[in-house]
Every structure is written in structure tokens, then in C-alpha cells.
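**Student:** Okay, here's the structure, questions in a sec.
Derivation of every value follows stated rules applied to the coordinates shown; laboratory data play no part. These numbers were taken from a predicted model, which means no experiment stands behind them. Heads up, the Cβs are rebuilt from the backbone with ideal geometry, glycines too, and the neighbour counts pull from every protein chain shown.
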Amino acid sequence: MKLKMSPNSLFAILLRSPWWISLLVPGGLFALARLFIPTAYAIFMPLPFLVIAAMAGWRQLRAPSQSRIAQTVESARAMTWETFSSAVAEGYRRDGYTVTRLTGAAADFLVERASRTALVSCRRWKAARTGQEPLEALQAAREARDVHDGVYLTTGEITDQARAYAARHQIRLAQGPELLGLLGAAPRR
């Protein structure tokens, strides 16, 4: 069984924060602990936070830069549908998925790995702004095929209404860094 950290826990928040913020917490905790307990014991109190700071720093070091993400988004927008869809399919295959192309308007691929299946919609990847309608079509296709997950890939902006709909129906919105990783163009800074 895989344990999942609560997204609002202190450790999860620190993992999402800049690494130096995660380093301030153990410094303050050590200083506070020294007021109440001997220094020999106070040294051990901030250790979990030091581990979190190291993890956050490692993640941020390996994350692609904003300029690299923007460059990938622009190159994806310049691709033809055939090139883009082939790159997406190859990205899923590289990640260990079995990819089946679909012909419907709501979804473009059925991807499977282990016992999980997902419908992927990416035909409107060039749309400057995505509303709720394509997500509703994807959700209807998920229900019709009895598929676990839905993924909507885009290089454009997603409206707040569409984001709320995606959250309600557990549709994953793939943009920026995830698109960069999927297209296989994720070299480090």
C-alpha cells in the first residue's frame, strides 16, 4: 500500500516552497529548542526539516527552468497534429504505457499501465484558452468507456470554470512541466 501525504501538511507545504524556506524552519526550531532543552538534544529536533529542505532543494535543482518550459510550449504549438500526436504517444510509451489511438472527438488516446486506464484528450493543444466544453466531452467518453482517469493536454490557458470542473471530475490537466516531460524534451537547465 502506497502512503500519500496530505497536501496541506506542513511537510507537503515545505516541499512545495523554495528550499531556503525549508531551511529557515529547522534553524528557528533549533534556536527555540535550545531555550528549553540542552543543546545536545536540541540538535535532533530539526532533523526532519533538514531532510525536507534537502528534498525540496533536490527537486528544484532538477526542475526545468521557466524558459525551457516556454520554449517547449512554443515548439509544441508549432507542430502539426501528426507530429504532436506521435510525440505524445511516444512519451506515454516511454513512460511504460500501452497506447491505443482513438478516432472520437472527445479523446485521442487510451493509455494503459498495470490495471489503470486513462483517456487522453490533446486535439485542442493549440487552443489559446480552454473552457469547460472539451472537459465535459472527455468526462462523457470516460463514463461511456468506464475508464479510471482522464487527462487533458493543452499549451494554452485553462479557465477557472474548466479547472473547477476538472477538479470535481478528477480530470488531470497537463500543461507546462508535465507537457515538457511527456514530449521527451526535459533536459536540465
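**Student:** Would you mind pulling out the separation of the Cα centroids of segment 1-70 and segment 153-175, in Å?
**Tutor:** 29 Å
**Student:** What's log10 of I(q)/I(0) for segment 10-62 at q = 0.26, 0.28, 0.30 Å⁻¹, Debye sum over Cα points only, no solvent?
**Tutor:** Values returned for q = 0.26, 0.28, 0.30 Å⁻¹ are -0.88, -0.96, -1.04.
**Student:** I need the helices of the chain that pass two filters: whole DSSP H segments spanning 24 Å or more by Cα along the axis, and mean Kyte-Doolittle score no lower than -0.5. Intermediate values should be presented prior to the final figure.
**Tutor:** Working: long enough: 19-36 (27 Å, 1.52).
Answer set is 19-36.
**Student:** Most exposed first by the Cβ proxy, i.e. fewest other Cβ within 10 Å, how do Thr130, Thr159, Thr117 rank?
**Tutor:** Numbers: Thr130 22, Thr159 13, Thr117 18.
Lowest count first: Thr159, Thr117, Thr130.
**Student:** Over the C-alpha atoms of the chain, what are the Rg and the largest Cα-to-Cα span, Dmax, in Å?
**Tutor:** Expressed in Å, the Cα Rg and Dmax of the chain come to 21.0, 69.
**Student:** Between Leu35 and Gln71, what is the spin-label point distance in nm, taking each point 7 Å from the Cα along the Cα→C-beta axis?
**Tutor:** In this crude label model, Leu35 to Gln71 measures out at 4.9 nm.
**Student:** Now a separate question. Under the 0.36 nm per residue contour assumption, what length would be gained going from the current alpha-carbon distance of Trp81 and Thr103 to full extension?
**Tutor:** Numbers: separation 22, 0.36 × 22 = 7.92 nm, distance 1.34 nm.
Stretched out fully, the Trp81 to Thr103 stretch lengthens by 6.6 nm.
**Student:** Can you sort Ser65, Ser22, Ser121 so the residue with the fewest Cβ neighbours within 10 Å comes first? Numbers along the way, then the final one.
**Tutor:** Details: Ser65 10, Ser22 23, Ser121 26.
Placing the least packed residue first, the sequence is Ser65, Ser22, Ser121.
**Student:** I've got another one for you. Using the 10 angstrom Cβ neighbour count as an exposure proxy, how do Arg124, Arg16 rank, fewest first?
**Tutor:** Values: Arg124 16, Arg16 12.
Listed from fewest to most nearby Cβ atoms, that is Arg16, Arg124.
**Student:** What are the extents of the Cα atoms of segment 113-186 along their three principal axes, listed from largest to smallest and rounded to whole Å?
**Tutor:** For segment 113-186, the Cα extents along the three principal axes come out at 30, 30, 19 Å.
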